[in-house]
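Before any comments, here is the structure.
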Amino acid sequence: MIKLTRFIAPLLVAVPLFAYINVTPIEVGEEPGTTGSLAFSLSTKRGNVETNEYTVDADIRYDSNSTYALWFFGGYNYAKAHDTEIENSSFAHMRYLHVLTPELYGEAFIQTEQDKFKDLSNRSLIGADARYRFFSSSKYGKGYISLGTLLETIRYKNPQIDPNEDNIRLSTYLFYTKKFESKATFNAFAYYQPCINEFSDYTIISMAEVQFPIYKNFHLVVSIKANYDSRPPKFSDIKNYDVTQKTALMWKF
């Protein structure tokens, strides 16, 4: 652990820290009771470049240790440069997981989000899926696949350019997780959500991360996330994709 901390410490100085949410899948009975993670970050620059960045993220999990689990997570991001907003986004997600067999879970979820700089006044969804753990190995980790549907409502800030939407989408994901003897954790996932009546309208969300334990309940997380929207809002020529790299301090409780 001392050697790992010596290696990681320079990274904490060299890169900005972002808040982060623990995304490791819930297995009922592994961590009974209430657990979660919390992070807050503040970054300021003065001089040639003047910026303020604020990020708050949290997740709370309740494991009944029998048949179900509840999971809430959410976050808020805000940034200004030279007194001009350059980021303002937030989201909240709640998920219920029910054990059908040790490998098969039923999931139900609701979510809401907004992003000022994607012309997104509000995106809300409600859905359900079945999650199947198709392999589990202490050596090779765990793999999950899910298939379900969701109802999506999108309200744009400029509906005269981007008409509001009400969609039914398929929702499917692949998730891989591996815990190492060093207690580090690797996670990787990809979500695919096509519109059920027009498959050319779809979103893909993918991420890979490594969580390194550094001291007691504190972890260093290095991740890269990529989002792709085949039909982004037309307002302000918003791009199809976003790629985000994060280095974060995360506190698990």
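Numbers at a glance
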{"quantity": "Region 86-99 - residue that is within 15 Å of the chain's Cα centre (by Cα) and open to solvent by 50 Å² or more (accessible area, probe 1.4 Å) and, of those, nearest to A130 (Cα to Cα)", "calculated": "M94"}
{"quantity": "Conditions (1) among the β-branched types (V, I, T); (2) at pLDDT 50 or above; (3) open to solvent by 80 Å² or more (accessible area, probe 1.4 Å): number failed by T51", "calculated": "(3)"}
{"quantity": "Every residue from region 99-127 that is farther than 22 Å from P163 by Cβ and among the small types (G, A, S)", "calculated": "G106, A108, G127"}
{"quantity": "Close pairs (6 angstrom Cβ cut-off, 6 or more residues apart or separate chains): of a type in the set (G, A, S) in region 159-183, in a strand (DSSP E or B) anywhere", "calculated": "S171/G127; S171/D129; S171/G148; S171/L150; S171/Q193"}
{"quantity": "Unique match (being of a type outside the set (S, T, N, Q), more than 29 Å from L38 (Cβ to Cβ) and open to solvent by less than 70 Å² (accessible area, probe 1.4 Å)) among D119, D166, D115", "calculated": "D119"}
{"quantity": "Within region 122-147, tally of residues that are of a type in the set (V, I, T) and surrounded by 18 or more Cβ atoms within 10 Å (Cβ to Cβ)", "calculated": "0"}
{"quantity": "Sole residue being within 24 Å of K142 (Cβ to Cβ) and either in a strand (DSSP E or B) or not hydrophobic (A, V, I, L, M, F, W, C) (or both), chosen from S200, S206", "calculated": "S206"}
{"quantity": "Every residue from region 235-251 that is open to solvent by 50 Å² or more (accessible area, probe 1.4 Å) and in a strand (DSSP E or B)", "calculated": "Y241, D242, V243, T244, Q245, L249, W251"}
{"quantity": "Condition met for I154 (assigned to a strand (DSSP E or B) and open to solvent by 20 Å² or more (accessible area, probe 1.4 Å))", "calculated": "no"}
{"quantity": "Output for region 206-234, where each listed residue is in contact (Cβ under 8 Å) with a residue 60 or more places away in the chain and open to solvent by 70 Å² or more (accessible area, probe 1.4 Å)", "calculated": "Y215, K234"}
{"quantity": "Top-ranked residue of region 169-205 - restricted to ones that are surrounded by 17 or more Cβ atoms within 10 Å (Cβ to Cβ) and polar (S, T, N, Q), ranked as nearest to F134 (Cα to Cα)", "calculated": "T177"}
{"quantity": "Test: residue in region 72-85 that is in contact with an Asp or Glu (Cβ under 6 Å, 6 or more places away or on another chain), polar (S, T, N, Q), open to solvent by 20 Å² or more (accessible area, probe 1.4 Å) and modelled with pLDDT of 85 or more", "calculated": "yes"}
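Residue-wise test of (1) at pLDDT below 75; (2) open to solvent by 60 Å² or more (accessible area, probe 1.4 Å); (3) of a type outside the set (A, V, I, L, M, F, W, C); (4) assigned to a loop (DSSP other than H, G, I, E, B).
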{"position": "P10", "(1), (2), (3), (4)": "yes, yes, yes, no"}
{"position": "E30", "(1), (2), (3), (4)": "no, yes, yes, yes"}
{"position": "T44", "(1), (2), (3), (4)": "no, yes, yes, no"}
{"position": "D59", "(1), (2), (3), (4)": "no, no, yes, no"}
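The values are calculated or read from the model by the stated rules, or taken from the named source; none is laboratory data. What you see is a predicted model, and the numbers here were worked out from it, not measured in a lab. Every residue, glycine among them, receives a Cβ derived from its backbone with ideal geometry; neighbour counts consider all protein chains shown. Just the protein is used for accessible areas: all its heavy atoms, side chains included, with ligands, DNA and RNA removed. Shrake-Rupley method; radii C 1.70, N 1.55, O 1.52, S 1.80 Å.
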